[in-house]
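A short reminder: the numbers here are calculations on the coordinates, not readings from a lab. The model shown is predicted, which means the values in this text are computed figures rather than measured ones. Cβ atoms come from the backbone with ideal geometry, glycine included; neighbour counts cover every protein chain shown.
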Amino acid sequence: MRRLHQAITAGVIAWTSMSAALAVDNVWRSDYTPETSFQGLLEESWSTGTAGSLYAEWDSWTRFSAHTLSKTPQTTPNIGSNTSVAFYEYSRTAYWTGGNLYGLVYTVDGTPMSFGLQLTDNTPVQGATRDVVLRISTKGVLPATAATLNGITATAVNTFMSSTTVHDDMGGFTAADAEWVWVWKDVPVTATYDLRFLASNAHMSLDQLAVYGSVAKIAAPVPEPRTWALMLMGLAGLGLARRHHARR
């Protein structure tokens, strides 16, 4: 118990000094948005108000009792949303710090703070696909680079990184203000999109989160080989008929 108290005290002191050294909360510093096609990571652009798209965004979370987000999610993004969404903190180690979610320690099984986001598609289009992008900003320790959407893994793209600070007093971890996006292309449309990501270590603070889904699209059907053969035979027939007509 004494060691835990010392760890918490040291963590609070380190976090206070770390926060003072980093930039202001709740401000995106990169311009990776649907309107910019996420700076070329996607081929198409849209806006958060486009009919049929999906969107939810937080830059502050409602204060909660410790370790309750794994059971009672937050469902009202304070910036906005156009669909139903539920945000979870599954590791039960997050602390509310002025609107951010801060992970002071590891979980019992030794893993860092982990998050989940369930996004609802109210009008799923059968056979369609959409692009999905998860965007976060963090303070302190960096997130893990892998995230999943319905079990499909994507690797983070770092879109902003402040100057870093090394905290030797807390094991030598590196702290920074940073922003990240994960991109999933041509995701099959489904009723629920389950996104998961986590911190790489203790002492990460989640500052902002946004998730975007493009308008669902259905790819044009690809003709079967038999169809191609019939088309080629038809074109050949037209060619022969024209040659016969020209000779006459």
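Quick one: what are the phi-derived ³J(HN,Hα) couplings along region 41-55, Karplus 6.51/-1.76/1.60 with θ = phi - 60°, whole Hz, x for glycine and proline?
5, 10, 8, 10, 10, 7, 10, 5, x, 5, 4, x, 7, 10, 7
Please compute the modelled spin-label separation between Ser162 and Val27, points set 7 Å along Cα→Cβ, answer in nm with one decimal.
Taking the two extended label points, one gets 1.0 nm.
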